[in-house]
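A short worksheet on the structure shown next.
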Amino acid sequence: MGELTNLIGRDILLSELLAEYNETDLAGCTFRPAFQSARRRAKCGRCGSFTKLADTYPCICGNSCFYCRNCIQLGKVRACDKLVSFKTVDSFPEQSTPYLKWEGILSAQQEKASKEIVLSVREYTDRVVWAVTGAGKTEMLFRGLSEAMEAGKRVCVASPRIDVCLELAPRIQAAFPDIQIALLYGGEGAVYVYTQLVIATTHQLLRFREAFDVLIIDEIDAFPYYQNKGLYYASEKAVKKESSTIYLTATPDRKLQRRIAKNQIKASILPARYHGYPLPVPTIIREKDIFSKKEFSVSKAYKQIMTLISQGQTFLLFIPTIRLMDSILPTFRRLFSSIRFESVHSQDPLRKEKVEAMRNGELEFIITTTILERGVTFKNIDVIVLAADHDVYTEAALVQIAGRAGRSAAYPEGKVTFYLQEWTRSSKGAVRQIRQMNKRAAKKGLLL
């Protein structure tokens, strides 16, 4: 089995493997067509999306073939290709001594959720963990991860966002220093190694088939996972027939909330942060045409920014789009020429370095799009959202953005400000949801 170990539980195109293997090396693997035909359409075996049989193009095989456009970012799935997987029993031994080396203390609600996660792992049942931002979801997972790996199970922790994976990996590695972790995300360039524990973006799940006994998906409400049929298909394909999937979210959609209410899926609900302080409720400030003002220095937002700078208070400044960010950056560079700040967005190649600089106290603020709405934690941060009524901001996004503040026990009372011209369904819903979770936490006696 030696040379095929790295193919255990994988779902890889034959055309990719032939760069490393001969077909004779792959004896013992399972080969299946890249597509399954159904009437006038063909279903992609990797992502489950459909392609018209008539949509053919000249192919490298010499014929005309159709291909899948939906998962093309992971390599082109052509009609002439095959998907290869190697199915065998995982060889991870059962362990009597704990893998978990983390010695932190969980709050009462974290402890309850942690035990429920362990139970789901043992019983191969699915579960939703609905926990407010800053509830300490990662720490709640540790015992479930340990339980699974000590039982010889294979585990994947997946997230839609690269930033979240990069933040999770060192925290989980510190808790399990004796476990080798494969960290997978687009463009990372590392050679894949078969490991018991995998941390990956949800897109990387497309490359697995019946691989995991336990799959934990963080931020299920986040782009690009949310409402992506291909990634839903990938997460179902990546787990074994008998398995447990744990879904983590701070902002479940109405459909999932109804499933929870009807007991159609087991749920652990955590309405309070681990430190016992309430979620910061956004302050609403009405300000018209903030990006079209001839002089930003006369705006209410400018005055607040100057106050925060004079107080030495670090903050995140959210702007809806890259275009709007680019339009206001020259003004900021002129007005704040002596202040250390940076801007980040999804296409910024230095995003990771800038976020780390903020964590290290090298910056006084960061201007950001929604790329930092979730998955990043700073010790002492306030939050300002310009044009909070812009249609790019969903209710879930605004809840997540507000959740960047007050996460640390040392600084639990961060302030959040939404600047808007008028209330929107999203801004109203976000404020309502934050207040409702605080009310639920208070009713349960979880607030200090």
Across (1) surrounded by fewer than 21 Cβ atoms within 10 Å (Cβ to Cβ); (2) farther than 23 Å from Gly406 by Cβ; (3) not charged (D, E, K, R), Ile285 clears everything bar (2)
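Table: residues versus (1) at pLDDT 95 or above; (2) of a type outside the set (Val, Ile, Thr).
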{"site": "Ala250", "(1), (2)": "no, yes"}
{"site": "Thr283", "(1), (2)": "yes, no"}
{"site": "Asp289", "(1), (2)": "no, yes"}
{"site": "Val298", "(1), (2)": "no, no"}
Going through region 9-52 in order, the residues found to be surrounded by 19 or more Cβ atoms within 10 Å (Cβ to Cβ), in contact with a strand residue (DSSP E or B) (Cβ under 8 Å, 6 or more places away or on another chain) and not hydrophobic (A, V, I, L, M, F, W, C) are Gly9, Arg10, Asp11, Gly45, Arg46, Thr51
Those residues of region 84-131 which are among the aliphatic types (A, V, I, L, M), under 30 Å from Leu4 (Cβ atoms) and touching a Ser or Thr at 6+ places or on another chain (Cβ under 8 Å) amount to Val84, Val121
Residue under question is Ser297, and the condition is that it be surrounded by fewer than 16 Cβ atoms within 10 Å (Cβ to Cβ) and assigned to a loop (DSSP other than H, G, I, E, B); does it hold?
no
Taking first residues from region 381-405 that are under 19 Å from Gln257 (Cβ atoms) and second residues anywhere that are basic (Lys, Arg) and surrounded by fewer than 24 Cβ atoms within 10 Å (Cβ to Cβ), the pairs with Cβ under 9 Å that are 6 or more apart or on different chains are Glu395/Arg425; Glu395/Lys428; Glu395/Arg432
Among strands (runs of 3 or more DSSP E) completely within region 1-54, the ones holding 1 or more residues that are of a type outside the set (D, E, K, R) and in contact with a helix residue (DSSP H, G or I) (Cβ under 9 Å, 6 or more places away or on another chain) are 30-33, 41-44
Of (1) on the phi < 0 side of the Ramachandran plot; (2) not in a strand (DSSP E or B), Val198 satisfies every one except (2)
Checked pairs for region 98-120, first touching a residue at least 24 places away in the same chain (Cβ under 8 Å) and within 17 Å of Gly134 (Cβ to Cβ), second outside any loop (DSSP other than H, G, I, E, B) and among the acidic types (Asp, Glu), C-beta under 9 Å and 6 or more apart or across chains, list as Gly104/Glu139; Leu106/Glu139; Gln110/Glu139; Ser114/Glu139
By my count, strands (runs of 3 or more DSSP E) wholly in region 352-448 with at least 2 residues that are over 21 Å from Tyr225 (Cβ atoms), at pLDDT 95 or above and of a type outside the set (A, V, I, L, M) are 416-420
The residue that is modelled with the lowest pLDDT, considering only those in region 165-203 that are more than 12 Å from the chain's Cα centre (by Cα) and among the hydroxyl-bearing types (Ser, Thr, Tyr), is Tyr192
Restricting region 85-112 to residues that are farther than 26 Å from Arg209 by Cα, in contact with a helix residue (DSSP H, G or I) (Cβ under 9 Å, 6 or more places away or on another chain) and of a type in the set (S, T, N, Q), the one surrounded by the most Cβ atoms within 10 Å (Cβ to Cβ) turns out to be Gln109
Residue set Ile309, Ile290, Ile260, Ile305; condition in contact (Cβ under 8 Å) with a residue 24 or more places away in the chain, part of a helix (DSSP H, G or I), among the β-branched types (Val, Ile, Thr) and crowded, with 18+ Cβ neighbours inside 10 Å; output residue Ile305
Taking region 368-415 and keeping residues polar (S, T, N, Q) and touching a strand residue (DSSP E or B) at 6+ places or on another chain (Cβ under 8 Å) leaves Thr368, Thr369, Thr370
When every residue in region 148-164 that is assigned to a strand (DSSP E or B) and not polar (S, T, N, Q) is compared, the one nearest to the chain's Cα centre (by Cα) is Ala158
Every listed condition ((1) surrounded by fewer than 14 Cβ atoms within 10 Å (Cβ to Cβ); (2) in a loop (DSSP other than H, G, I, E, B); (3) not β-branched (Val, Ile, Thr)) holds for Gln73 save (2)
Scanning region 349-379 for residues that are acidic (Asp, Glu) and crowded, with 17+ Cβ neighbours inside 10 Å, the one nearest to Cys165 (Cα to Cα) turns out to be Glu373
Subset of region 84-139, residues of a type in the set (S, T, N, Q), under 30 Å from Cys44 (Cα atoms) and either assigned to a strand (DSSP E or B) or at pLDDT 95 or above (or both), comes to Ser85, Thr125
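A quick yes/no check of all residues on (1) assigned by TED's automatic domain parsing to the domain that holds Val77; (2) surrounded by fewer than 17 Cβ atoms within 10 Å (Cβ to Cβ); (3) free of Cβ contacts under 8 Å to residues at least 40 places away in the same chain:
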position: Glu236; (1), (2), (3): no, yes, yes
position: Val239; (1), (2), (3): no, no, yes
position: Ser243; (1), (2), (3): no, no, no
position: Thr251; (1), (2), (3): no, no, no
position: Leu256; (1), (2), (3): no, no, no
* Asked: Within region 166-184, can one find any residue that is polar (S, T, N, Q), in contact (Cβ under 8 Å) with a residue 12 or more places away in the chain and more than 23 Å from His275 (Cα to Cα)?
  -> yes
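The values are calculated or read from the model by the stated rules, or taken from the named source; none is laboratory data. All of these numbers come straight from a predicted model, not from anything done at the bench. As a convention, Cβ positions derive from the backbone with ideal geometry for all residues, glycine included, and neighbour counts pool all protein chains shown.
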